[in-house]
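Structure record follows, encoded as structure tokens.
The values are calculated or read from the model by the stated rules, or taken from the named source; none is laboratory data. Please read all numbers here as calculations on a predicted model, not as lab measurements. Note that we place each Cβ from the backbone using ideal geometry, even for glycine, and neighbour counts take in every protein chain shown.
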Amino acid sequence: MHLPRILEVVTHVRSDAMEDYVRELRLITCAACAYQTVEGACMTREDIACQLDRYFPLVVTAIESVDKSSNHHSSSLRKKG
């Protein structure tokens, strides 16, 4: 499963440009995928059949939303404590 790599990508990139996230996705996650060749080509992605590639912007938004909520919750607890 690619989830640990996806989380690594999203939590390490801080950008308003989705291209920055996609670049890291290709370097970290896609590079470990069985469908991508050593040259970086991926017929699954090119055929728009890669579900991660298709939904990656939504995945980034969801992870960042949870991360932001978690950080806000943690800081609220520290202020009360």
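Condition check ((1) modelled with pLDDT of 95 or more; (2) at positive phi; (3) surrounded by 10 or more Cβ atoms within 10 Å (Cβ to Cβ); (4) touching a helix residue (DSSP H, G or I) at 6+ places or on another chain (Cβ under 6 Å)) across all residues:
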residue: GLU19; (1), (2), (3), (4): yes, no, no, no
residue: GLU24; (1), (2), (3), (4): yes, no, yes, yes
residue: ALA31; (1), (2), (3), (4): no, no, yes, no
residue: MET43; (1), (2), (3), (4): yes, no, yes, no
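Could you look through segment 1-17, keep only residues that are surrounded by fewer than 13 Cβ atoms within 10 Å (Cβ to Cβ) and either of a type in the set (Val, Ile, Thr) or under 16 Å from GLN51 (Cα atoms) (or both), and pick out the one that is modelled with the lowest pLDDT? Show your work before the answer.
Quick first cut of segment 1-17, residues surrounded by fewer than 13 Cβ atoms within 10 Å (Cβ to Cβ) only: 1, 3-4, 11-12, 14-17.
Restricting the remaining residues to those that are either of a type in the set (Val, Ile, Thr) or under 16 Å from GLN51 (Cα atoms) (or both) gives 1, 3, 11.
Values: MET1: 71, LEU3: 92, THR11: 92.
Looking at the filtered set, the residue picked out is MET1.
Could you go through segment 59-81 and let me know if any residue there is modelled with pLDDT of 95 or more, outside any helix (DSSP H, G or I) and of a type in the set (A, V, I, L, M).
So far as segment 59-81 goes, no, none of its residues is modelled with pLDDT of 95 or more, outside any helix (DSSP H, G or I) and of a type in the set (A, V, I, L, M).
Of all the residues that make up segment 1-37, how many are among the charged types (D, E, K, R), in contact with an Asp or Glu (Cβ under 9 Å, 6 or more places away or on another chain) and part of a helix (DSSP H, G or I)? Break it down stepwise before answering.
Filtering segment 1-37 for residues among the charged types (D, E, K, R) gives 5, 8, 14, 16, 19-20, 23-24, 26.
If we keep only those that are in contact with an Asp or Glu (Cβ under 9 Å, 6 or more places away or on another chain) as well, we get 8, 14, 24.
Checking the rest, the ones that are also part of a helix (DSSP H, G or I) come to 8, 24.
So the answer is 2.
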